[in-house]
Amino acid sequence: MIHLERRPTPSRAWGAASPLLAVALTMVAGGLMFAALGKDPLEALRTIFWDPVLGEFAWYFRGQILVKAGPLILIAVGLALGFRAGVWNIGAEGQYIVGAICGAAAGLVFYPTDSVRIFPFMVVFGAFGGIAWAMIPALLKVRLGTNEILVSLMLVYVAENLLASAAVNWLRNPDAVGFPGSRNLARWDASANLELIEGTGIHWGVVAALIAVIFAHVMLTRHLMGFQVRLAGASPRAARFGGVNTGRLIVLCLGFSGMLAGMAGLFEVTGPAGQISIDFASGYGFTAIIVAFLGRLNPLGIVAAGLLMALTYVGGEAASANLGLPSAAISAFQGMLLFFLLAVDVLTNFRVRVGKGVAA
Amino acid sequence: MDLSSISPALLIASLMVAATPILLAALGEMVVEKAGVLNLGVEGMMIMGAVCGFIAGVESGSPWLGFLSAAVGGAAMALLFGVLTQVLLSNQVATGLALTLFGLGLSSLLGQGYVGIKTNTLGRIDLGPLTDIPFFGRVLFGHDPIVYLSILLVLGVWAFLKYTRAGLVLRAVGESHDAAHALGYGVRRVRLMAIAFGGACAGLGGAYLSLVRVPQWTEGMTAGAGWIALAIVVFASWRAGRVLAGAYLFGGITVLQLNLQTAGARVPVELLSAAPYLVTILVLVLISLRAGRGGDAPACLGKPFHASS
């Protein structure tokens, strides 16, 4: 009989090794899935994971990886902080959308003025939009104890409808007759979030992601707030006795993740996406949940996880163009990765014993 | 706006149809939560049920086979969650989210050859003269069999939890898994069975969307119905009868907003489309006002169980 024995403390070695093991297992299972779809599994895996980084056209793909990794990392860092504290914000997608709408609307008020102050102003409003959207579940949770998982998620659907109404109605480009979608923000000098160093894909969102990672890392390891976040997650009871203000923690965690998600939305709408359109929401807010877990809810781990997940997007697009691999296969692949990650986590907290156990 | 175009009898009849997917999923989830497990993957199981049911329905030509494979597909997804959370003791919230993300991806992968195809759907049961009774005939009779099945299932679950020994064991496992374990009940086995039942129900609910209500397959067609089902369980304070009431309430709001859209109400379409979600939030808020913290939730909801600890 195989049974599990709880480790006195989680294993550090397994904690570091389990994401790698999960990635390896996902590659095997993913390869089987690609084979079942009638594609050569090795070629598919090579197209997704090898070619974009080291292949012939890597110079093009590498920039794309950072473009995709930026918002993922930015959102995931905020989410991870909440997940650490047991605050489940799964509505980052909604905060991302509202951030983009708020920021874009704030900028478009000044159209067509040209000033260097407009872009920072838009970033502030993007952050503000994200915070405002996240404050709804936060305040309801703190004041009334309403479940933040369900409220934040429901607000995603509300945000999607808000986006549709902005795109076809009140933010619609007045010069484009009959077409939905706002003015192109990437082509307006005052708001364009362009590549900072040509060919690298680094735009302001990537810079912001880097700052957020450093900030979150320092806060978690060096600041009292970070200690309270970790304490509240590990033992809510101990946190209460220790004088942690749970309500303030919830507001801060949701506010912080909402702010980052809103900023990610703004950087996206002014750069890679270019405009508020009906299909602006691309699921970054949900994929960032996988990124946060893959990075073990650790800001530095999230950087690696975000890059890997961006690679699956970029490589997946290449595979669907070159090999005809359906793009849905990539989201199934990403979901699988999260499953394997959660499954191998058992090794971090438990020892697997083979043989007759004392307790069944 | 022309409100007279909305007939009350038709409205009630169509709200029952609109509510059935949510009702089935919420009922399954309620049993799961009664056993002390929080499965946030309802949306993923529903969409898998929708796609499995639709594929089986198209390939075999029989909607009944479709519903059967939807139940199997939903249960298989649920058991994936069950093995992870019960055997490998992973975090239930995270695993449920994973189930939803994976289900959405896998379903669009499986269903890509089936977009835009039509299939045989379930006919209404024709009860002849009964259906011709004014008002009640249209409301009570002349639905498709799954609507009646879902109502029977509500009665069945209610009786099972309230009057049977197995139902008592299931509730005991949900209220205190340590006590249930000490009494010799297989906590893990009971929970796995409850999880599989919940998955099968969610699968049926999904298939009802793709085989009867719409009836077509489109990517992401559940559009949050699974999450609304989760909210309804909270709204219903974990009681079968109130799950029925909650689901029909939401079905009513959905149908009403659709009717208002077609009647040309002077309200933005987006606001109407967002109404079911906004009302869900509103209801959750009202519930938390009434219940205070914790409320009637099973005491061991969402807590992992490891026998040797």
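Coordinate-derived values only; no laboratory data. Since the structure is predicted, the reported quantities are computational estimates derived from the model, not experimental observations. Cβ placement follows ideal geometry from the backbone for every residue including glycine, while neighbour counts extend to all protein chains displayed.
Diagonalising the gyration tensor over the Cα atoms of the stretch A:256-312 and scaling each eigenvalue by 5 before taking the square root yields semi-axes of 22, 12, 10 Å, largest first.
When its C-alpha radius of gyration is set against 2.2 N^0.38 Å (N residues), the protein assembly as shown gives a value of 0.96.
Expressed as a fraction of 2.2 N^0.38 Å, the rule-of-thumb size for a compact globular protein of N residues, what is the C-alpha radius of gyration of the stretch A:62-115?
Details: Rg = 15.0 Å, N = 54, 2.2 N^0.38 = 10.0 Å.
Cα Rg divided by the expected 2.2 N^0.38 Å: 1.50.
Report the one residue of A:VAL77, A:GLY178, A:LEU252 whose Cα lies farthest in the direction of the positive end of the charge dipole of the stretch A:38-325 (charges on C-beta: Lys and Arg +1, Asp and Glu -1; origin at the Cα centre). My answer, from the dipole projection, is A:LEU252. Each 5 Å bin, from zero up to the one with the longest distance, holds this percent of the alpha carbon pairs of the stretch B:188-309: 2, 9, 14, 19, 19, 15, 10, 6, 3, 2, 1, 0, 0. Averaging Cα coordinates gives a centre for the stretch B:217-246 and one for the stretch A:282-312; these two points are 29 Å apart.
The ranking of A:LYS39, A:LYS141 by Cβ neighbour count inside 10 Å, starting from the fewest, reads A:LYS39, A:LYS141. All Cα-Cα separations within the stretch A:38-325 were binned at 10 Å from zero, giving a P(r) of 7, 28, 32, 22, 9, 1, 0, each value a whole percent of the pairs.
If you scale each eigenvalue of the Cα gyration tensor by 5 and take the root, what three semi-axes come out for the stretch B:1-131, rounded to whole angstrom and sorted largest first? Intermediate values should be presented prior to the final figure.
Values: eigenvalues 198, 80, 43 Å².
Values for the stretch B:1-131, descending: 31, 20, 15 Å.
Taking other Cβ within 10 Å of each residue's Cβ, how do A:ASP51, B:ASP296 sort, fewest first? By the 10 Å Cβ count, ascending, the order reads B:ASP296, A:ASP51.
Dipole orientation for the protein assembly as shown: of the candidates A:ALA92, A:PHE293, B:SER107, A:PHE293 has the Cα lying most toward the positive pole (charges on Cβ; Lys, Arg +1; Asp, Glu -1). Charging the Cβ of each Asp and Glu at -1 and of each Lys and Arg at +1, and nothing else, the dipole of the protein assembly as shown about its Cα centre rounds to 2440 debye. Straight-distance candidates among the aspartates and glutamates for linking to B:LYS303, with alpha-carbon spacing under 19 Å and chain neighbours fewer than 8 residues away dropped: A:GLU5, A:GLU148, A:ASP345, B:GLU29, B:GLU33, B:GLU175, B:ASP178.
Working from Cα pairs under 8 Å separated by at least six residues, relative contact order for chain A is 36 percent. Working value for the stretch A:263-348: equivalent-ellipsoid semi-axes of 24, 19, 11 Å, each the square root of 5 times a Cα gyration tensor eigenvalue, largest first.
Sorted ascending by nearby beta carbons within 10 Å, beginning with the fewest, A:VAL207, B:VAL37 become A:VAL207, B:VAL37.
Listed by chain and number, the lysines whose alpha-carbon sits under 28 Å from that of A:LYS68, ignoring those within fewer than 8 places in the same chain, are A:LYS39.
Only Cα sites of the stretch A:1-75 enter the Debye sum here, all with the same form factor; the resulting log10 I(q)/I(0) across q = 0.21 1/Å is -1.05, listed in q order. Within the listed set A:PRO180, A:PRO299, A:PRO19, the residue fluctuating most in the Gaussian network model of chain A (springs between alpha-carbon atoms under 10 angstrom) is A:PRO180. Could you run the Debye sum over the Cα atoms of chain B, one equal point scatterer each and no solvent, and tell me log10 of I(q)/I(0) at q = 0.06, 0.11, 0.15 Å⁻¹, two decimals? Results for chain B at q = 0.06, 0.11, 0.15 Å⁻¹ read -0.20, -0.67, -1.19.
For A:TRP50 and A:ARG222, a Förster radius of 56 Å and the Cβ-Cβ distance give a FRET efficiency of 0.90, rounded to the nearest 0.05.
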